[in-house]
Ligand SMILES: Nc1ncnc2c1ncn2[C@@H]1O[C@H](COP(=O)(O)OP(=O)(O)O)[C@@H](O)[C@H]1O
Ligand SMILES: [Mg+2]
């Protein structure tokens, strides 16, 4: 079941810097929200607040009825949250399949100790996770790379591998941080296709940070624009593109 994500007046300070100020938003289950705004607007910091890596100075974050601020990142992952990073950190010398399999940890029985001891119950789960990982790689056009190593592959492919890893946890809430940055034209099309399919299936709520407005228009139901840690506007991608305040924030000049 896809998650309803609610943020109420989330603020975040580091030292004297106000990184986020009173950000509120609501993402309906199974929809795709685009989070856009210039560099330094606070988009990644907002993701870090949702995933439990940063602690907001004030405000509330809920995943359905779960108080996200009461849980550490590992428990939020068990509650269905998965994310990809602006700068993917893969195990470069492990295989692509092994990297994707890391995404299964939050949902497999027994935890890492049972896994490392290879207890009987974990073997079947491991086999199933492997099959599912292979299906995901196939689905995201990466089957050919299953046994390659990330160190031999392009940055764009790293983003795809990370997405497969996130999907293997069967998330109900997926946060994607600049997934299309550095992708080739063909990879961008593939990515758009994948997110649209996820939305059609309705099993996961997605929040995507992206500068590529073509991607934002193609995949989002709604857009929130951040500037200097505050919400500048909320609406459709089309409305955001045409909003003079948004144009000004991006270009740094009056439109
Ligand atoms: N851990 C941190 N310590 C201090 N400042 C931070 C930290 N994380 C983010 N910031 C500051 O927060 C602001 C927003 O950064 P970020 O969330 O990365 O923006 P965006 O993802 O929109 O480009 C920047 O000024 C950045 O320097
Ligand atoms: Mg960022």
Give the residues of region 184-212 that are within 16 Å of ligand 1 (Cβ to nearest atom) and in contact with a helix residue (DSSP H, G or I) (Cβ under 8 Å, 6 or more places away or on another chain), sorted by residue number. 207, 208, 209, 210, 212
Of the listed residues (2, 41), the one being within 14 Å of ligand 1 (Cβ to nearest atom), closer than 25 Å to residue 216 by Cβ, modelled with pLDDT of 95 or more and part of a loop (DSSP other than H, G, I, E, B) is 41
Within region 20-43, count every residue that is surrounded by fewer than 22 Cβ atoms within 10 Å (Cβ to Cβ) and within 13 Å of ligand 2 (Cβ to nearest atom). 3
Top-ranked residue of region 44-62 - restricted to ones that are more than 13 Å from the chain's Cα centre (by Cα) and buried (at least 21 other Cβ atoms within 10 Å of the Cβ), ranked as nearest to ligand 1 (Cβ to nearest atom): 56
Which of (1) in a helix (DSSP H, G or I); (2) modelled with pLDDT under 95; (3) closer than 30 Å to residue 96 by Cβ is the odd one out, the single condition residue 247 does not satisfy? (3)
What about residue 56, is it outside any helix (DSSP H, G or I), out of contact with any helix residue (DSSP H, G or I) (no Cβ under 6 Å at 6 or more places or on another chain) and modelled with pLDDT of 95 or more? no
Identify, please: which residue in region 69-79 is at pLDDT below 95 and out of contact with any helix residue (DSSP H, G or I) (no Cβ under 9 Å at 6 or more places or on another chain) and is, among those, surrounded by the fewest Cβ atoms within 10 Å (Cβ to Cβ)? 72
If you take the residues of region 5-38 that are on the phi > 0 side of the Ramachandran plot and either in contact with a strand residue (DSSP E or B) (Cβ under 8 Å, 6 or more places away or on another chain) or not assigned by TED's automatic domain parsing to the domain that holds residue 66 (or both), which of them is nearest to ligand 1 (Cβ to nearest atom)? 37
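Quick grid of which residues meet (1) at pLDDT below 95; (2) over 23 Å from residue 36 (Cα atoms):
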site: 126; (1), (2): yes, yes
site: 132; (1), (2): no, yes
site: 146; (1), (2): no, yes
site: 156; (1), (2): yes, no
site: 174; (1), (2): no, no
site: 189; (1), (2): yes, no
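Is region 226-242 home to any residue that is part of a helix (DSSP H, G or I) and within 30 Å of residue 105 (Cα to Cα)?
Of the residues in region 226-242, the ones part of a helix (DSSP H, G or I) are 237-242.
If we keep only those that are within 30 Å of residue 105 (Cα to Cα) too, we end up with none.
No, that holds for no residue.
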Which one is farthest from the chain's Cα centre (by Cα), of the residues in region 167-183 that are away from ligand 1 (no atom under 16 Å from the Cβ) and surrounded by fewer than 23 Cβ atoms within 10 Å (Cβ to Cβ)? 183
Looking only at residues in region 173-210 that are in contact with a strand residue (DSSP E or B) (Cβ under 7 Å, 6 or more places away or on another chain) and not in a strand (DSSP E or B), which one is nearest to ligand 2 (Cβ to nearest atom)? 178
Which condition from (1) within 16 Å of ligand 1 (Cβ to nearest atom); (2) outside any loop (DSSP other than H, G, I, E, B) is the one that residue 86 breaks? (2)
Of all residues in region 44-53 being in contact with a helix residue (DSSP H, G or I) (Cβ under 7 Å, 6 or more places away or on another chain) and either part of a helix (DSSP H, G or I) or away from ligand 2 (no atom under 16 Å from the Cβ) (or both), which is nearest to residue 236 (Cα to Cα)? 50
Residue 90 is checked against (1) surrounded by fewer than 19 Cβ atoms within 10 Å (Cβ to Cβ); (2) away from ligand 2 (no atom under 16 Å from the Cβ); (3) closer than 19 Å to residue 159 by Cβ and fails just one. What number does that condition carry? (1)
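The values are calculated or read from the model by the stated rules, or taken from the named source; none is laboratory data. In this text, all values refer to a predicted model and were calculated from it rather than measured experimentally. Using ideal geometry, Cβ is built from the backbone for each residue, glycine included, and neighbour counts are taken over all protein chains shown.
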